[in-house]
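Read the figures in this text as sums done on the coordinates, not as results from a lab. What you are looking at is a predicted structure, and each value in this text was computed from that prediction instead of being measured. Backbone-built Cβ (ideal geometry, glycine too); neighbour counts: all protein chains shown.
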Amino acid sequence: MCGIIGAVAKRNVVPILIEGLHRLEYRGYDSAGLAVLDGQGLTRLRRLGKVAVLEEAVLEADLAGHTGIAHTRWATHGVPSERNAHPHLAAARIAVVHNGIIENHKQLREMLEGEGVVFESQTDTEVIPHLIERGLRQGLSLWEAFRTAVNHLEGAYALAVLDREAPGRLLAARQGSPLLLGVGVGERFVASDPSALIPVTSQLVDLHNGDLLDIQADRHEIFTRDGEPVHRPMRISQLDASSVDRGEYRHFMQKEIFEQPVAISRTLHERLPLDGAPLALGREVLDLLQAARAIRILACGTSYHAGLTAAYWFEAMAGLPCRVEVASEFRYRTTQPLPGELVIAISQSGETADTLAAVHDARERGFAGILAICNVDESSLVRSADASLLTHAGPEIGVASTKAFTTQLVALALLVLALAERQGPRPELRQALRSLPAQVEQILAADQAIEALSALFADKQHALFLGRGIHYPIALEGALKLKEISYIHAEGYPAGELKHGPLALVNEEMPVIAVAPNDALLEKLRSNLEEVRARGGQLIVFGEEGAVDGDGIRVHSMPPCHAFISPMLYIVPLQLLSYHVAVLKGTDVDRPRNLAKSVTVE
């Protein structure tokens, strides 16, 4: 992985490829490359580092052509290097870009090496062009050589393929890794993300797992893996250029933090009637909830923290047992569903490989149903679920998730509210949700005060985040944000666990950040904070005015709020703090090292 764009047109596609790569940069990558069919045949350029470095090489080479593919790579097999960058070639004829992991690449490599093929890279991808070229040597047509090669592959892949001898033609395939078709006037495109196609078309076709694609500038055909033609509907993308531009903000992450009031409002819109009528979540969602007797939440990363938060709600407010599992662990252990246990799968992109695999396993194990919470309609997760509740966060470009997390919490809160209202109306909970966008705006207005706090972290290497009850997952998420973008080692703990180990780390060099809402656990938390202060720890507390005080404690005042919405509010200052610390340390805020936005490999 990480980003693919390909184009067939009657104009020069090189600027389209380069612009597409720039729009895919947010996904995280270590190298970039492209291959173009030009007047001299097949030309490939690859560079280690940023797309801008590749762009300079392209301009210097005066590269142009009507058919091309391009890629940003996030290393999986083989170190980041120009040699391992995509596209990969075979016999200077076949060029391939690939997202995903070919699980049987070692066996395929050994077979090909046994036939005299010499490999140039350490990647799993390079077996693909050699398999296609092998088919051509055996007398197969390009299409049959491509289809035969694809049928040899095991694992996840999105592929785009060029043949030097077939100018004006591009082949593609999708299995478990995102890929879509873009349709223009007399031109066709493929991409791993719709944002790459915003400048050239809004007409998109979502490819399904197993789809094979044969495109030319003015036509395209889609086939199943068995070679049968299949129709996939076209949709109009709702993205526009402004949704993937920074605008007045310094970084995408900053923009997305400040977009949260609007994103939350969109996610609540029309689902929370003003007249007290039942929540408008859709018949399929409500039917799944009505039948649920227990909840199992499957997710990864930030989405997992959203699930941990919601587990408190499901058990305390809806009266349903709820377990939350890291999706990558769930599929590798033996587990038994409870009677009527509903799976809620959470993913911002809907293409998270571990979550998709866990959902597949959950269905085979006999869970009562699959409900998806996702930000992307037509994603793999939405298509594989029995029902879905879409968040409306809009595109999230920064690798460190912010508005996707808060809108996931809002979607989960709506599910809990629907269940809680089976016992009767809960107008106070509805009003709390309606007040949420305005209260987030109130917190964002204190951005400068939080920026001032970030100076305390300028020379720090470690930090500890504490929370109790439902705010323990918020402490986990706050720690994740800080470590992701500032590279400070940060951990989140239940505050009551301090004396069971983490207290050994506390000294004047270890900032301790506490989430301290004015709830039933506040008195217990005060005792935990005293344990930190007694050992010289540097305390930063987010809580209501007067809730926590004392010498050596820095308190950031939070507005009073209903307990139901406090997790969505208390994460916002932690996002801002992490952002300002990262800016202070000079890291790449939107594209932190070693990370990718959409983790489409296991």
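Can you compute the charge dipole magnitude of the chain about its Cα centre, using +1 on each Lys and Arg Cβ and -1 on each Asp and Glu Cβ, nothing else charged? Give it in debye, rounded to the nearest 20. Before the final figure, lay out the partial values.
Details: 57 positive and 74 negative charges, 71 e Å.
Magnitude of the dipole: close to 340 debye.
Tell me, what is the percent relative contact order of the chain, built from C-alpha pairs under 8 Å that lie six or more residues apart?
Relative contact order for the chain comes out at 12 percent.
If I take R0 = 45 Å and measure r between the Cβ atoms of SER81 and GLU451 in this structure, what FRET efficiency does the formula 1/(1 + (r/R0)^6) give, to the nearest 0.05?
Values: r = 39 Å, r/R0 = 0.86.
Given R0 = 45 Å and the Cβ-Cβ separation, E is 0.70.
What is the mean projected area of the alpha carbon convex hull for the stretch 52-168, to one decimal in square nanometres?
7.5 nm²
Can you grab the distance from the C-alpha centre of the stretch 426-476 to the C-alpha centre of the stretch 282-320, Å, no decimals?
23 Å
As a quick test, which of the pairs LYS403/LYS483; LYS403/LYS524; LYS255/LYS585; LYS403/LYS481 have an alpha carbon distance above 21 angstrom in this structure?
Beyond 21 Å between Cα atoms: LYS403/LYS524.
As I understand it, the value is the acute angle between the Cα axis of helix 522-533 and the longest principal axis of the Cα atoms of the chain; what does it come to in degrees, rounded to 10?
Around 80 degrees separate the two axes.
Lys and Arg at +1, Asp and Glu at -1: add these up for the other residues within a Cβ distance under 11 Å of SER388 and post the number. Walk me through the numbers on the way to the answer.
Values: positive: ARG383; negative: GLU284, ASP377, GLU378, ASP386.
Around SER388, the charge tally is -3.
Among LEU162, VAL185, HIS130, whose Cα sits farthest toward the positive end of the charge dipole of the stretch 90-209 (+1 at Cβ of Lys/Arg, -1 at Cβ of Asp/Glu, about the Cα centre)?
VAL185
Near LYS10, within a Cβ-to-Cβ distance under 12 Å, what is the net charge of the other residues, with Lys and Arg +1 and Asp and Glu -1?
0
Could you give the nm distance between label points at GLN336 and GLN442, where each point is 7 Å from its Cα heading toward the beta carbon?
4.9 nm
Along the Cα→Cβ direction, 7 angstrom out, place labels at VAL185 and LEU595. What is the inter-label distance in nm?
Result for the modelled spin labels: 4.2 nm.
Quick check: the angle from helix 301-317's long axis to the longest principal axis of the chain, C-alpha only, nearest 10 degrees?
40 degrees
Can you spot the aspartates and glutamates whose alpha carbon is less than 13 Å from LYS460's alpha carbon? Ignore those fewer than 8 places along the same chain.
Here the aspartates and glutamates satisfying the reach criterion relative to LYS460 are GLU508, GLU509.
Based on DSSP H runs of at least 4 residues, each adding -39500 (n - 2.57), what is the mean residue ellipticity at 222 nm of the chain after dividing by all its residues, to the nearest 500 deg cm²/dmol?
That calculation yields -10500 deg cm²/dmol at 222 nm.
Show me 139-150, 411-422 ranked by packing, highest mean number of other Cβ atoms within 10 Å first.
Most protected by this proxy first, the peptides run 411-422, 139-150.
With a point put 7 Å past each Cα toward its Cβ, work out how far SER141 is from ALA64 in nm, to one decimal.
3.3 nm
Starting from the alpha-carbon convex hull of the stretch 446-588, give the projected area averaged over all orientations, in nm².
7.5 nm²
Would you mind getting me the FRET efficiency between LEU522 and LEU584? Use the beta-carbon distance for r and R0 = 35 Å, nearest 0.05.
Given R0 = 35 Å and the Cβ-Cβ separation, E is 0.70.
When you count, for each residue, the other Cβ atoms within 10 Å and take the mean per peptide, how do 12-19, 397-404 rank with the highest first?
397-404, 12-19
Using a Förster distance of 41 Å, how high is the FRET efficiency between ARG554 and GLU329, based on the Cβ-Cβ distance and rounded to 0.05?
Working from the Cβ atoms, E equals 0.65.
Just round it to a whole percent: the fraction of Cα-Cα distances in the chain exceeding 49 Å.
When all Cα pairs of the chain are counted, 15 percent exceed 49 Å.
Counting only other residues whose beta carbon sits under 9 Å from that of ASP218, what net charge do I get with K and R as +1, D and E as -1?
Around ASP218, the charge tally is +2.
With point charges of +1 on the Cβ of Lys and Arg and -1 on the Cβ of Asp and Glu, referenced to the Cα centre of the stretch 246-444, which listed residue (ALA357, TYR304, HIS392) lies farthest in the positive direction of the dipole?
TYR304
Place a +1 charge on the Cβ of each Lys and Arg in the stretch 184-271 and a -1 charge on the Cβ of each Asp and Glu, then give the dipole magnitude about the Cα centre in debye, rounded to the nearest 20. Display every interim value, and only then the final one.
Details: 10 positive and 15 negative charges, 62 e Å.
In debye, rounded to 20, the stretch 184-271 gives about 300.
Give me the orientation-averaged projected area of the Cα convex hull of the stretch 246-444, in nm², one decimal. Write down the numbers at each step before the final one.
Details: hull surface 43.6 nm².
Over every viewing direction, the Cα hull of the stretch 246-444 projects on average to 10.9 nm².
Provide HIS208, HIS98 in ascending order of the number of other Cβ atoms located within 10 Å of each residue's Cβ, fewest first.
Least crowded to most crowded, the residues run HIS208, HIS98.
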